[in-house]
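Comments concern the structure below.
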Amino acid sequence: MKNSTYYFSHDYNANSDTKILFMRQQLGMEGYGIYWFLIEKLADAGGYLPLKIIPVLAMQMHTTEIKVKAVIESFELFEITDNQFFSIRLLMHLDLRNSYSEAGKKGAELRWKNGGANRGAIEGANAKERKGKEIKGKEKKESNASLLNSNLFRKPKVPSLEEVQMNFISCGGNKEMAEAFFNKHSAVDWFMKGSPITNYKTLIPNFIKIYNENESKSKSNKTRQQTTNESIEYIQAKGAELYAKLYGSNNEG
């Protein structure tokens, strides 16, 4: 590449991007630094780098290959194909920069040729710049919307025990089931598999079904245990009766 200094767009709100937030949650600010170092290296290399260079990149950053590989593969920040990785966002910027450069060259040639500025070339470059800003603004809105809808900001809708009891009764359950349901989900702050519970009513029918099945099994086990105990008592009584007959008669003789 030419020995020149280039720049690439660093979105000022990149730290609030949903994917970046999840990466920082796992790897902290070290992961954030690794991400931007990789972006710089990709920009310097024209947009693509081979995966086999990961050990070299890790050495340059004084970090581990595992962390570099995690940033590349685990958070959907980069794309991988043909044993190379790249950033779609960066490629868009590089293409835009190249288009500006080409427009500038053509404009300069026309100015030299015509002895003045060429309005068409300038307007074309300005149009592309406006388009770039529109794309960036759209991406910002989509990123913010995605962030607000992610589990990082969503909160569960926590009902009262009385409300839960009322809904259980309307679904054919009872207060005992409702209390068990309420205590179960209160213990985990009304989250399920990492996501907030926003409509607990949909969980009620299945909970009642499982609760009844467990109750039925419990009653069946109690009945079997009772039958077993009664059988043991009967055997013991018969044994005592037989013992009395055998040894009681001998003692009388």
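What follows draws every value from the coordinates through simple rules; no lab data is involved. These numbers come from a predicted model, not from an experiment. All Cβ positions, glycine included, derive from the backbone under ideal geometry; neighbour counts span all protein chains shown.
Pairs 19/67; 155/201; 41/69; 19/52; 175/209; 19/201: which are spaced more than 21 Å apart, C-alpha to C-alpha? Walk me through the numbers before you get to the answer.
Numbers: 19/67 16 Å; 155/201 16 Å; 41/69 15 Å; 19/52 24 Å; 175/209 15 Å; 19/201 31 Å.
As for pairs spanning more than 21 Å Cα to Cα, those are 19/52; 19/201.
With labels modelled as points extended 7 Å from the Cα through the Cβ direction, what inter-label distance (nm, one decimal) is found for residue 199 paired with residue 179?
The modelled label-to-label distance comes out at 3.0 nm.
Hey, fewest Cβ within 10 Å first, where do 197, 53 land in order? Write out the running numbers ahead of the final one.
Numbers: 197 18, 53 15.
Lowest to highest Cβ neighbour count: 53, 197.
Can you sort 85, 37 by how many other beta carbons sit within 10 Å, fewest first?
On the way: 85 21, 37 16.
Lowest to highest Cβ neighbour count: 37, 85.
How many nm separate the modelled label positions at residue 37 and residue 61, each set 7 Å beyond the Cα in the direction of the Cβ?
Placing both labels 7 Å beyond Cα along the Cβ direction yields 0.6 nm.
Order these by the 10 Å Cβ neighbour count, fewest first: 211, 35, 247. Can you show the working numbers first?
Values: 211 17, 35 23, 247 10.
Result, fewest neighbours first: 247, 211, 35.
Residue 76 to residue 210: FRET efficiency via 1/(1 + (r/R0)^6), r the Cβ-Cβ distance, R0 41 Å, to the nearest 0.05? Could the numbers behind the result be given before it?
Values: r = 36 Å, r/R0 = 0.87.
For residue 76 and residue 210, the calculated efficiency is 0.70.
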